[in-house]
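To start, the structure itself, in structure tokens.
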Amino acid sequence: MHYQDSLHVAAAQVNARLGEVDANLDRHLEVIKEAAGRGIELLIFPELSLTGYGLAGNVMQAAMPREDPRLARLAEACGAMQTVVGFVEEASPGEYYNALAILQDGGIVAVHRKLNLPTYGGLEEGKWFSHGSELTQATVRPGWSATQLICADLWNPALVHAALLPRPTVLCAPINSASGIVSEDFSNEQNWLLNVRFYAMTYGTPVIMANRYGPEGQSHFWGGSRILGPRGEVLAEAEDREQLITATLSRTHIARARFELPTHRDADTPLVRELMAGYR
């Protein structure tokens with residue numbers, strides 16, 4: 001089978017109106033139209049992009065099942081472009097997940113539920129959401145696949161390692177990061193760059209990080225969305241505003257990076273499993 005060497009990708013650095021799903025839906029449709037017009041094949045929105053972040057007790061009002069017609073409308077608008085949007089999934093009455101809908105060809109390809117719910121600093125997700133329990137990977141084009149991790153998922157190195165062992169060609173990282181939300185001394189702005197650059201370089205895997213930009217209540221979401229190549233190099237970085245950033249990834253460059261630093265080949269999963277067996 002012939003695989004195309006390049007993939008055109010984008011991160012949508014947009015803000016969201018808290019709890020106003022219909023208004024946020026309209027903004028998504030605008031960005032999807034722009035991205036499709038620019039030939040994008042994989043588009044990533046921030047975490048909870050359809051709802052905003054600080055929902056607290058209003059999670060139930062913002063939630064929707066996978067069958068919600070608004071998700072179907074977005075999927076229809078995407079056409080062949082795979083698009084990742086953040087939403088609150090209602091799995092059953094009273095069961096809600098911080099989730100991603102992976103949309104393509106008029107349907108929902110998959111849903112990723114956030115695995116690592118932060119409950120530190122100003123973060124209270126474990127109070128409002130159920131924990132996801134599965135990793136997600138989706139084919140974008142022949143020879144191109146993407147795995148999705150949401151924000152704090154990427155601060156559990158074991159989760160990232162497990163997600164990248166199947167060798168996806170792209171890591172999608174939708175986040176909702178506000179300045180000072182962890183503590184006054186922990187810089188989200190500096191440490192997120194360190195985080196995603198480390199994973200991109202170590203695993204030879206491009207990373208598409210999509211953060212919000214703008215206010216929500218007393219919080220300021222600092223943006224910094226970026227697309228990294230397989231050596232951790234910055235291919236595109238957003239300015240301090242709402243913006244669609246784009247880059248072209250190369251399968252050849254990914255192969256070369258992984259051949260020179262064979263993290264996947266040398267992962268030695270049986271040994272790691274044996275070493276971890278004694279820990280609970």
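The values are calculated or read from the model by the stated rules, or taken from the named source; none is laboratory data. A quick note: this is a predicted structure, and the numbers were derived from the prediction, not measured. Don't worry about glycine lacking a Cβ; one is built from the backbone with ideal geometry, like all the others, and counts go over all protein chains shown. In case anyone asks, the SASA skips ligands and DNA or RNA and just uses the protein heavy atoms, side chains included. Shrake-Rupley method; radii C 1.70, N 1.55, O 1.52, S 1.80 Å.
One residue stands out among those in segment 126-145 that are open to solvent by 10 Å² or more (accessible area, probe 1.4 Å) and under 14 Å from the mean Cα position of the chain (by Cα): the one that is farthest from residue 58 (Cα to Cα), which is 145. Determine if segment 46-53 includes at least one residue that is open to solvent by 60 Å² or more (accessible area, probe 1.4 Å) and among the hydrophobic types (A, V, I, L, M, F, W, C). Looking for residues that are open to solvent by 60 Å² or more (accessible area, probe 1.4 Å) and among the hydrophobic types (A, V, I, L, M, F, W, C), one finds none in segment 46-53, hence no. Out of curiosity, is residue 123 within 26 Å of residue 62 (Cβ to Cβ) and open to solvent by 10 Å² or more (accessible area, probe 1.4 Å)? Judged against the criteria, residue 123 is a match. Just one of the numbered conditions (1) modelled with pLDDT under 95; (2) not in a helix (DSSP H, G or I) is not true of residue 51: (1).
Filtering segment 146-183 to residues that are closer than 14 Å to residue 211 by Cα, open to solvent by less than 10 Å² (accessible area, probe 1.4 Å) and assigned to a helix (DSSP H, G or I) leaves 152, 154. Reported count of residues in segment 189-243, each being aliphatic (A, V, I, L, M), open to solvent by less than 10 Å² (accessible area, probe 1.4 Å) and part of a strand (DSSP E or B), is 6.
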